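Peer 1: First the structure, then my questions, so here it is.
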Amino acid sequence: MSDPLSRQRRWTSPQPGDTLGSIAARELPQLAREAAAKQLASWNLHLVIRPLPGLAPGELLGSDVVYLEPPLAR
């Protein structure tokens, strides 16, 4: 017997020039920009802590996955 499909965590890929701040403003407009950026950072530690030479803090790659909500409960 197989499991039914489960709900997946919402995510997006960055557009050219996007930062966590710009995605936060676009995707979480109900929050103040700084609060929204901090929220996204807490859900995307894999982007916040990575050391990539030549990449400014908060700068994203087009191949990045940016989660728009916290991890889902099981």
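Peer 1: Looking at (1) charged (D, E, K, R); (2) free of Cβ contacts under 8 Å to residues at least 12 places away in the same chain; (3) open to solvent by less than 90 Å² (accessible area, probe 1.4 Å), which is the one condition that is false for residue 34?
Peer 2: Result: residue 34 fails condition (3) only.
Peer 1: Look through the stretch 1-16, keep the residues that are open to solvent by less than 90 Å² (accessible area, probe 1.4 Å), at pLDDT 90 or above and not basic (Lys, Arg), and return whichever of them is nearest to residue 60 (Cα to Cα).
Peer 2: 14
Peer 1: Criterion first (touching a helix residue (DSSP H, G or I) at 6+ places or on another chain (Cβ under 6 Å), open to solvent by less than 70 Å² (accessible area, probe 1.4 Å), at pLDDT below 95 and not hydroxyl-bearing (Ser, Thr, Tyr)) does residue 41 satisfy it?
Peer 2: yes
Peer 1: Let me ask something additional. What pairs come out if I take residues in the stretch 48-73 that are closer than 17 Å to residue 24 by Cβ and pair them with residues that are among the small types (Gly, Ala, Ser) and at pLDDT below 80 whose C-beta lies under 9 Å away, six or more apart or interchain?
Peer 2: Matching pairs, first to second residue: 48/58.
Listed here are the residues, each with its yes/no results for (1) assigned to a helix (DSSP H, G or I); (2) closer than 20 Å to residue 8 by Cβ; (3) modelled with pLDDT of 95 or more; (4) out of contact with any helix residue (DSSP H, G or I) (no Cβ under 8 Å at 6 or more places or on another chain).
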{"residue": "21", "(1), (2), (3), (4)": "yes, no, no, no"}
{"residue": "35", "(1), (2), (3), (4)": "yes, no, yes, yes"}
{"residue": "46", "(1), (2), (3), (4)": "yes, yes, no, yes"}
{"residue": "53", "(1), (2), (3), (4)": "no, no, no, yes"}
{"residue": "62", "(1), (2), (3), (4)": "no, no, no, yes"}
{"residue": "71", "(1), (2), (3), (4)": "no, yes, no, no"}
{"residue": "74", "(1), (2), (3), (4)": "no, yes, no, yes"}
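The values are calculated or read from the model by the stated rules, or taken from the named source; none is laboratory data. Just so it is clear, the structure is predicted and the values come from calculations on it, not from any experiment. As a convention, Cβ positions derive from the backbone with ideal geometry for all residues, glycine included, and neighbour counts pool all protein chains shown. In case anyone asks, the SASA skips ligands and DNA or RNA and just uses the protein heavy atoms, side chains included. Shrake-Rupley method; radii C 1.70, N 1.55, O 1.52, S 1.80 Å.
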